[in-house]
1. Among A77, A97, A88, A71, which is the only one that is within 21 Å of E15 (Cβ to Cβ), among the aliphatic types (A, V, I, L, M), out of contact with any Gly (no Cβ under 9 Å at 6 or more places or on another chain) and open to solvent by 30 Å² or more (accessible area, probe 1.4 Å)?
2. Cβ-Cβ distance below 9 Å, separation of 6 or more or different chains: which pairs start in segment 23-48 with a residue that is over 19 Å from A90 (Cβ atoms) and acidic (D, E) and end on one that is in a loop (DSSP other than H, G, I, E, B) and open to solvent by less than 30 Å² (accessible area, probe 1.4 Å)?
3. Against the condition open to solvent by less than 50 Å² (accessible area, probe 1.4 Å), at pLDDT 95 or above and over 12 Å from the mean Cα position of the chain (by Cα), how does Y144 come out, does it pass?
4. Looking at A10, A6, which is the one that is free of Cβ contacts under 8 Å to residues at least 12 places away in the same chain and surrounded by 15 or more Cβ atoms within 10 Å (Cβ to Cβ)?
5. Look through A77, A90 and report the one residue that is under 25 Å from R150 (Cβ atoms) and touching a Leu at 6+ places or on another chain (Cβ under 7 Å).
6. Under 30 Å from R34 (Cα atoms), modelled with pLDDT of 95 or more and not in a helix (DSSP H, G or I), is that true of R138?
7. Checking S41 against (1) among the hydroxyl-bearing types (S, T, Y); (2) under 17 Å from G132 (Cβ atoms); (3) open to solvent by less than 60 Å² (accessible area, probe 1.4 Å); (4) at pLDDT 95 or above, only one condition comes out false. Which one?
8. What do you reckon, is L46 buried (at least 17 other Cβ atoms within 10 Å of the Cβ) and at pLDDT 95 or above?
Amino acid sequence: MVLTKAELIALLQKEVGLLLHLTTKIEPDMLDYRPTPKQRSTIELLRYLTTSGPALIGYAKGQQMDADAIAEVTRVANARNFEETVAALAGLPGQYAELLADLSDDDLRGEIMWVDGSQISRGQFLVNYVFGQAAQYRLQLFLYLKACGREELNTMNLWIGADVPAPV
């Protein structure tokens with residue numbers, strides 16, 4: 001086992017902390033920024049992040065992909081303003097701990113079928129698709145902020161979630 005359940009939960013919670021740090025750098029005029037017309041805007045990206053991790057954990061635990069349920073969760077997320085979205089993000093650390101609490105190490109080693117028909121261990125799925133997605137979208141948010149003129153942001157903001165000058 002590469003990660004224990006406690007380590008996985010800690011990684012997911014750290015991702016949320018880093019993301020929340022970056023949300024403090026968003027100014028109101030940045031919420032509608034999108035690099036190209038078909039990409040999510042800043043607010044759409046944040047709203048998506050409030051729902052994707054919990055939904056993927058549910059899938060890993062055996063819940064079927066339910067289009068109606070996904071549509072309802074998405075509708076609720078899309079109705080949130082920025083402050084409500086940040087509050088929903090702030091609730092994710094507890095939600096991750098709760099959702100993963102009942103998984104044993106054996107459960108994490110158990111296999112599930114991904115949508116492409118391949119078999120993957122539940123733990124690998126959670127690392128690849130929940131943790132990996134969170135890290136990738138955190139980088140996307142960071143790049144959105146840089147594109148919106150937040151030139152003072154550096155790798156310290158991205159990787160440790162602090163306003164510290166980058167090492168020379």
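The values are calculated or read from the model by the stated rules, or taken from the named source; none is laboratory data. Keep in mind it's a predicted model, so treat the numbers as computed, not measured. Note that we place each Cβ from the backbone using ideal geometry, even for glycine, and neighbour counts take in every protein chain shown. SASA here: full protein model, heavy atoms, side chains in, ligands and nucleic acids out. Shrake-Rupley method; radii C 1.70, N 1.55, O 1.52, S 1.80 Å.
1. Matching residue, one of A77, A97, A88, A71: A97.
2. D32/S41
3. yes
4. Exactly one residue qualifies, and that residue is A10.
5. Residue meeting the stated conditions: A90.
6. Against the criterion (under 30 Å from R34 (Cα atoms), modelled with pLDDT of 95 or more and not in a helix (DSSP H, G or I)), R138 does not qualify.
7. S41 satisfies all of (1) among the hydroxyl-bearing types (S, T, Y); (2) under 17 Å from G132 (Cβ atoms); (3) open to solvent by less than 60 Å² (accessible area, probe 1.4 Å); (4) at pLDDT 95 or above except (2).
8. yes
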